1. Would you calculate, for the protein assembly as shown, the mean residue ellipticity at 222 nm contributed by helices, counting each DSSP H stretch of 4 or more residues as -39,500 (n - 2.57) and dividing by all residues, to the nearest 500?
2. Using only the alpha-carbon atoms, how far is helix B:123-138 inclined from the longest principal axis of chain B? Give it as 0 to 90 degrees, nearest 10.
3. Pick from B:209, B:232, B:68: which residue has the top mean-square fluctuation in a GNM of chain B where Cα pairs under 10 Å get a spring?
4. Under 10 Å, Cα contacts only: if you run a Gaussian network model on chain A, which one of A:64, A:104, A:208 comes out with the highest mean-square fluctuation?
5. How far, in nm to one decimal, is residue B:198 from itself in the other copies if the label point is set 7 angstrom along Cα toward Cβ? Shortest first, please.
6. If you average the sequence gap of Cα pairs under 8 Å that are 6 or more apart and divide by the length of region B:87-224, what percent do you get for the contact order?
7. Which one of A:120, A:107, A:78 has the biggest mean-square fluctuation once chain A is modelled by GNM with Cα springs under 10 Å?
8. Please compute the Cα-Cα pair-distance distribution of chain B with 5 Å bins starting at 0, giving whole percents from short to long.
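Just so you know, all these numbers are worked out from the coordinates, no wet-lab data involved. Worth saying up front: this structure is predicted, and the values here are computed from it rather than measured. Because the Cβ atoms are built from the backbone with ideal geometry, glycine has one as well, and the counts that use them run over all protein chains shown.
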């Protein structure tokens, strides 16, 4: 999720959480990271989100955030454990970087690392550590979003041929998405309408919980709502969401 | 907390959490980090723990862990915000390092940094980043606990003259404590007895929730229970807890 004002994601999370073991097979742990100011607050649980006590708390606990990344895992490489549960976080240039990935990347663990090392055993965390090291080698301080975008597009372009690379990444300013299999997104802005979740019997009237200037974008593997027009992100390209909107690319 | 078997800290946490705004003045945010395998799971809340919904969840949610670090903050340097909420975490050599600090350190922000940078504005996070950078400069891979202990004692010995340095640190193997003002600790082992919290009307009979081989050590600024003999850690020295016991030093 990317928004131009701190936004509550409980509606979207209610639908997504059902996919972790109830309406979907992604039962091997889940996690969510909320940016608040320069800090990021993460919750992880190696248990399925559909019957997780922490997920239950978050469905009722309001966190206002401009960027949120959540992930429900279906394990392929790396056992089911806390350290293998996305999203992963590292600090670089005084920023909290958050990374979530779907897909397998053949041979990614042969890519050289530097200052960042995986704590767990997943391909994904190795790819994240490699990406950050390459950024660290390329820039000495936090680059502009535009310079970062160009570099990330190049780096993910190197990783993509290794397999499936559906990634969400943030440094707290923008939400960067790259996909080699479809990722869906929606941009919501005034006039706001109603929507109903696909995975749960829950509706919301966004006009009741927004102001006319609010903008919110949500990216997901599959659409979360049944009565809105979700679009597909271009494959093999980096997409950048800033302040609730997809940047023209 | 340090233990030789994965242990539930809900009893201790119930007492500690009361000090964040109810029985104590540390109302400027709180956090807790649980090691599970090589992963560490952290919960942070910039609100007082005594009336935090996340703290309420954790009082009822069983996490089994061999090392836990928790912190209730009373802000002096750095505003009340998520990014200033202890404990802080960084990855080094594929390990999650966790750091919590009480005290002020005058001039610490003049100490040079390297690969690690504070996300927030506290003295404490700067001291943590400096400590990790010095470790990174000294060792190329994770050193033995004994080599690490010697280096940490040296580094904290350099920081201590700057002010008050009551620190808890872990890399997931041991719990390292350094204090320039009293820190209290207790080691529990068979035969286990009963204890009652000081801050809350709650008792536990440890013999009902342990096996004869269990060992658990708890370190806190002030004793958490009223009917056990808490001891004081030596000032100006590094103390190491491993598998629920204070290592002979």
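1. So the calculated ellipticity at 222 nm is -6000 deg cm²/dmol.
2. 70 degrees
3. B:209
4. Comparing A:64, A:104, A:208 in the GNM, the peak value goes to A:208.
5. Once sorted, the set of distances for residue B:198 reads 5.5 nm.
6. 22 percent
7. Its mean-square fluctuation being the largest, the pick is A:107.
8. 1, 6, 14, 19, 21, 18, 12, 6, 2, 0, 0
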